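J.: One structure, pasted below without further comment.
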Amino acid sequence: MKFLKTVFDFYINASIHVAIAVICLVRITELYLNLPYDKNLLIFIFLGTITGYNFVKYAGVAKLHHKSLTSGLQIIQVFSFICFLALCYYAFLIPVKTLLFGVPFIVLTVLYAVPFLSGFHKNLREVSYLKIVVVALVWAGFTVLIPVFNASETISVNIILLAIQRFLIVVVLILPFDIRDVKYDAISLQTIPRKIGVEKTKRLGLILMIFCLLLEYLIVPQVDVKNGFMVFFFLVIILLMRAKTNQSKYYSSFWVEALPIFWWFILFGIHNI
């Protein structure tokens, strides 16, 4: 059991879980917009997510709840470096135009962790309210806009609505993490829960998800896909409403981050019945 727990913790802490969630969102975009399956792009985004997330988490911005990772940090660093090398290889297998289109999102990821403001003492994460916007924007970029651009699709109203919906969904998925981190974040870091309180944060998340539900009926004509989103919608609401500052170790880092994976499996199951 100890070995399984070690493997599971590595799976979470090395950002493999969140990378799978990102890939599931890309696959959902392909389904919604009838985009062609591109294995190289999926692997590139998967490896990029691991590399980017581990860079952000372990580049000096980790807070108290990450200190327990010290013993396994070197293994994660080696794993991340291997993923980075593989990422460089797959960068040569996708169109140059796709790489160039992704540059702004890559830059945002770097600036999220690297201090460059106020005399090089602050990064984007430490700017009030900007943390959640940057993360949601990067996710929407990599899971909607980049696949669309890679497929040479013309930007339509449908695509814009899907990108907005994806942005808002990611904002809501971040809220349980921010609720958890209220006791860890510096007072100067004005996250939504710290500014308006936990209960109002949950109500805000509910309002945003209802708006996402309305967007769903503007985006997708297929009834079965809407039904899949409804299941996802209620799962998000349940986990958001149950989020608290003293949540279990895996509540946000596993269950909340698993929601896009559940969503994809629901849609995959519906389309294969």
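The values are calculated or read from the model by the stated rules, or taken from the named source; none is laboratory data. Just so it is clear, the model here is predicted, and its values are computed rather than measured. So basically every Cβ, Gly included, is an ideal-geometry build from the backbone, and we count neighbours across all protein chains shown. The protein model used for the area step is the full one, side chains on, heavy atoms only, and it has no ligands, DNA or RNA in it. Shrake-Rupley method; radii C 1.70, N 1.55, O 1.52, S 1.80 Å.
J.: Return the aspartates and glutamates within reach of LYS200: Cα separation strictly under 18 angstrom, same-chain partners fewer than 8 residues apart disregarded; answer none if there are no such residues.
T.: ASP178, ASP181
J.: I would also like to ask the following. Mean separation of Cα pairs under 8 Å and 6+ residues apart, divided by the residue count of the chain: what relative contact order is that in percent? Can you show the working numbers first?
T.: Numbers: 292 pairs, mean separation 59.2, N = 273.
With pairs under 8 Å counted, the relative contact order is 22 percent.
J.: While we're on this one: Got a sec to turn the phi values of region 24-36 into Karplus ³J(HN,Hα) couplings, 6.51 cos²θ - 1.76 cosθ + 1.60 with θ = phi - 60°, whole Hz, x for Gly and Pro?
T.: 4, 5, 5, 5, 5, 4, 4, 5, 4, 9, 6, 7, x
J.: At a probe size of 1.4 Å, how large is the accessible area of TYR32, to the nearest 10 Å²?
T.: Surface accessible to solvent at TYR32 totals approximately 10 Å².
J.: Pop the C-beta distance of CYS88 and LEU111 into the FRET formula with R0 = 35 Å and round what comes out to the nearest 0.05.
T.: For R0 = 35 Å, the calculated efficiency reads 0.95.
J.: What does the charge dipole of the chain about its Cα centre add up to, to the nearest 20 debye, if the Cβ of each Lys and Arg holds +1 and the Cβ of each Asp and Glu holds -1? Could you put the intermediate results ahead of the total?
T.: Values: 23 positive and 12 negative charges, 183 e Å.
With Lys and Arg at +1 and Asp and Glu at -1, about 880 debye.
J.: Explain nothing, just the number: dipole magnitude of region 148-221 about its Cα centre with +1 on each Lys and Arg Cβ and -1 on each Asp and Glu Cβ, in debye rounded to the nearest 20.
T.: On the way: 8 positive and 6 negative charges, 70 e Å.
Dipole size: approximately 340 debye.
J.: Right, next: Keeping every protein chain present and rolling a 1.4 Å probe, give me the accessible area per residue for region 144-239 in Å².
T.: On the way: 4250 Å² over 96 residues.
It amounts to 44 Å² per residue over region 144-239.
J.: By how many nm would the segment from LYS249 to ASN34 lengthen if fully extended, with 0.36 nm per residue of separation less the alpha-carbon distance?
T.: Details: separation 215, 0.36 × 215 = 77.40 nm, distance 3.75 nm.
So the extension gain works out to 73.6 nm.
J.: Using θ = phi - 60° and the Karplus relation 6.51 cos²θ - 1.76 cosθ + 1.60, list the HN-Hα couplings for region 132-145 in order, rounded to whole Hz, with x at every Gly or Pro.
T.: Once θ is set to phi - 60°, the couplings for region 132-145 become 5, 5, 5, 4, 5, 5, 5, 5, 4, x, 6, 9, 10, 5 Hz.
J.: Taking 22 Å as R0, compute the FRET efficiency from the Cβ-Cβ separation of ILE196 and ARG242 and round it to 0.05.
T.: According to the calculation, E is roughly 0.75.
J.: Could you rank ILE237, ILE207 by how accessible they are, 1.4 Å probe, largest area first? Walk me through the intermediate numbers first.
T.: Details: ILE237 25, ILE207 110 Å².
Listed by decreasing accessible area, they come as ILE207, ILE237.
J.: A further question on this structure: Taking every Cα atom in the chain, find the radius of gyration and the maximum pairwise distance Dmax, and write them in Å.
T.: For the chain, the Cα radius of gyration and maximum Cα-Cα distance read 18.3, 58 Å.
J.: Once the Cβ-Cβ distance between LEU100 and TYR11 is put in as r, and R0 is 22 Å, what FRET efficiency do you end up with, to the nearest 0.05? Don't skip to the answer; put the middle values down first.
T.: On the way: r = 32 Å, r/R0 = 1.48.
That pair, LEU100 with TYR11, gives E of 0.10.
J.: As I understand it, the dipole of region 190-273 uses +1 on the Cβ of Lys and Arg and -1 on the Cβ of Asp and Glu, about the Cα centre. Which of LEU267, GLY197, ILE207 lies farthest toward its positive end?
T.: Checking the options against the dipole of region 190-273, the answer is GLY197.
J.: How many percent of the accessible area of region 198-273 is carbon or sulfur, using a 1.4 Å probe? It would help to have the intermediate numbers written out before the result.
T.: On the way: 2890 of 4040 Å².
Using a 1.4 Å probe with all protein chains present, region 198-273 comes out at 72 percent carbon and sulfur.
J.: Compute, for GLU30, the solvent-accessible surface of its heavy atoms (probe 1.4 Å) with the complete set of protein chains present, and express it in square angstrom to the nearest 10.
T.: We get 10 Å² for GLU30.
J.: If you don't mind, there's one more thing I want to ask. With all pairs of different alpha carbon atoms counted, what Kirkwood hydrodynamic radius in Å does region 182-257 show? Could you put the intermediate results ahead of the total?
T.: Numbers: mean 1/r = 0.0708 Å⁻¹.
Evaluated over region 182-257, this radius sits at 14.1 Å.
J.: Also: Once the whole set of protein chains is in place, how much accessible area is left on ASP181, using a 1.4 Å probe, in Å² to the nearest 10?
T.: Here the accessible area works out near 10 Å².
J.: Could you pull out the pairs from LYS39/LYS249; LYS5/LYS39; LYS131/LYS195 whose alpha carbons sit more than 24 Å apart here?
T.: Details: LYS39/LYS249 33 Å; LYS5/LYS39 31 Å; LYS131/LYS195 14 Å.
Among LYS39/LYS249; LYS5/LYS39; LYS131/LYS195, the Cα-Cα distance tops 24 Å for LYS39/LYS249; LYS5/LYS39.
J.: Quick one: among GLY72, GLY205, GLY102, which has the greatest mean-square fluctuation in a GNM of the chain with alpha-carbon springs under 10 angstrom?
T.: With Cα springs under 10 Å in the chain, the top fluctuation among GLY72, GLY205, GLY102 is at GLY72.
J.: Scan around GLU153 for amide H atoms under 5 Å from its own, H built in the peptide plane at 1.01 Å from N, and keep only partners 5 or more places away or cross-chain.
T.: none
J.: Note down the nm distance, to one decimal, between modelled labels 7 Å out along Cα→Cβ at LEU213 and at ASN227.
T.: The answer from the label model is 1.8 nm.
J.: Between ILE43, HIS17, VAL7, whose Cα lies farthest towards the positive end of the dipole of the chain when Lys and Arg beta carbons carry +1 and Asp and Glu beta carbons carry -1, centred on the Cα centre?
T.: Of the listed residues, the answer is VAL7.
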